[in-house]
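Okay, so here's the structure we're looking at.
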């Protein structure tokens, strides 16, 4: 038996397109992990401690004891950050950058020389990279909050 | 009320471009800061070596560490580009949602 369709092909196609659009709009794109204020604060503290140690090393004022304390405390902070970052989805780039930061600190500690400006450019570069990651996440988080606010307006 | 497709595309593109623009400026500032850090580091390596404050092994170590740090630089650029794409897509979707709501006369989305 040949049944006549209730809806034309065009109507079905238009409905499918509309459903697809609604589904797309209903769920926002998430490509990076959300901004984490604690990670940002720990990184800022670590950068500040590193810059202080570098200034003291350049001035010949960082004792062997202070140097060892600086490396052990810094590695403790980096490992805390690594554990925390692994809790967030879509955070692979940050986890990789933190693994790099851990390697930078370990290499410098193993090398044994004071953390002078000349020896810490790689380390400070990786710290800068992680700060840029926080800046990008924060900008995105502020932008998403603005979108939610504007779309919830009646 | 029907949707004007060409007008909607223009609005979506405008919203997406605006959303990505801030990340573009951040990326420029970051790359400048990173280039400055490496340049100053290279100058410090040369100066410390000339003054005998570091030896040849230190120079090799310092430069290897700079090269290694490019891996985390790639991660920073990757996150910035992903965040820019995310904001651009969501801005465009937000415009599309508003257009659908206006067209149907009810705030469905």
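The values are calculated or read from the model by the stated rules, or taken from the named source; none is laboratory data. Predicted model, so just to flag it, every value in this text is computed and none were measured. Positions of Cβ are backbone-derived with ideal geometry, glycine not excepted, and every protein chain shown enters the neighbour counts.
Restricting region B:43-54 to residues that are assigned to a helix (DSSP H, G or I) and more than 29 Å from residue A:94 (Cβ to Cβ), which is farthest from the other protein chains (Cβ to nearest Cβ)?
Restricting to residues being assigned to a helix (DSSP H, G or I) and more than 29 Å from residue A:94 (Cβ to Cβ), the top hit is B:50.
When you go through A:128, A:147 one by one, which is the residue that is assigned to a helix (DSSP H, G or I), at pLDDT below 95, within 12 Å of chain B (Cβ to nearest Cβ) and surrounded by 15 or more Cβ atoms within 10 Å (Cβ to Cβ)?
A:147
For region B:55-75, does any single residue satisfy the condition of being more than 7 Å from every other protein chain (Cβ to nearest Cβ), modelled with pLDDT of 95 or more and not in a helix (DSSP H, G or I)?
Yes: region B:55-75 contains one or more residues that are more than 7 Å from every other protein chain (Cβ to nearest Cβ), modelled with pLDDT of 95 or more and not in a helix (DSSP H, G or I).
Looking at (1) surrounded by fewer than 20 Cβ atoms within 10 Å (Cβ to Cβ); (2) touching a residue at least 60 places away in the same chain (Cβ under 8 Å); (3) at the interface with another protein chain (Cβ under 7 Å from one of its Cβ atoms), which is the only condition residue B:102 fails?
All conditions are met except number (3).
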